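Q: One structure, pasted below without further comment.
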Amino acid sequence: MKAGSKLKNGFVRALLTYYMYVLFKIIVLKFGPTDVAFLWKHLQQNMVHSEYIVVRLQAGNLIPLKEISRDFDVMSGHSLLNLLGNIALFVPFGMLLGALAKAGKLAWAGAFWRSMTVSLGLESAQVLFSIGTFDVDDLILNSVGGTFGFLVYRVGSWLTTPASRVPSGKPAR
């Protein structure tokens, strides 16, 4: 690997780490302070009283497309912000995945499942820390956003690749 490529990879990894912190701050902490003692207290409380986790899950949305279809029916400013916000929040994740993936080694489906996994972790953290509720529709929207970001990165890379580096399909001489 070339030195420039290692530097780019290191920068993208650092950016991904910072982005994951920002996601945690937005989704789990709701823009609040990062208070480790508060999180630890809630986690311990939920581990001792596991019924709290069950109650929080029951209060959430476990039916796919329930909230999405409700948002489309109501179509208020808040519902539009919820739909587009959940998608937009994960677009950078997909773009960072694209930047870290070796050429052609990650397909859109891989980006979708990685986005789904990160979203599942964040939604679960909301329940474990008793901050927010679990919403399966957020998983769907976040995964769509991550996949969209990945595809945007791929198309952008393809459009900016010099013609001399694009394989022509002709055998080398």
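Q: Among the residues of the range 5-23, which ones are closer than 21 Å to Thr117 by Cβ and among the aromatic types (Phe, Trp, Tyr)?
A: Within the range 5-23, Tyr18, Tyr19, Tyr21 qualify.
Q: Restricting attention to the range 9-34, report how many residues are over 19 Å from Leu89 (Cα atoms) and in contact (Cβ under 8 Å) with a residue 60 or more places away in the chain.
A: Qualifying residue count, the range 9-34: 1.
Q: Can you name every residue in the range 25-44 that is within 15 Å of Leu122 (Cα to Cα) and open to solvent by 90 Å² or more (accessible area, probe 1.4 Å)?
A: Residues satisfying the conditions are Lys30, Phe31.
Q: Continuing with the same structure: Does Leu39 count as closer than 24 Å to Asp135 by Cα and not polar (S, T, N, Q)?
A: Judged against the criteria, Leu39 is a match.
Q: Being open to solvent by less than 70 Å² (accessible area, probe 1.4 Å) and in contact with a Ser or Thr (Cβ under 7 Å, 6 or more places away or on another chain) is the filter; apply it to the range 45-97 and report the residue that is modelled with the lowest pLDDT.
A: By that ranking, first place goes to Arg56.
Q: Restricting attention to the range 106-115, report how many residues are farther than 17 Å from Arg13 by Cα and open to solvent by 20 Å² or more (accessible area, probe 1.4 Å).
A: 5
Q: Can I ask one more? Name the pairs: first residue in the range 69-96 and over 21 Å from Phe150 (Cα atoms), second residue among the small types (Gly, Ala, Ser), Cβ to Cβ under 6 Å, at least 6 apart or on different chains?
A: Matching pairs, first to second residue: Asp71/Ser79.
The values are calculated or read from the model by the stated rules, or taken from the named source; none is laboratory data. Nothing here was measured: the structure is a model prediction, and the numbers come from that model. Note that we place each Cβ from the backbone using ideal geometry, even for glycine, and neighbour counts take in every protein chain shown. Each accessible area value is taken on the protein alone, full model and side chains, heavy atoms only, with ligands, DNA and RNA left out. Shrake-Rupley method; radii C 1.70, N 1.55, O 1.52, S 1.80 Å.
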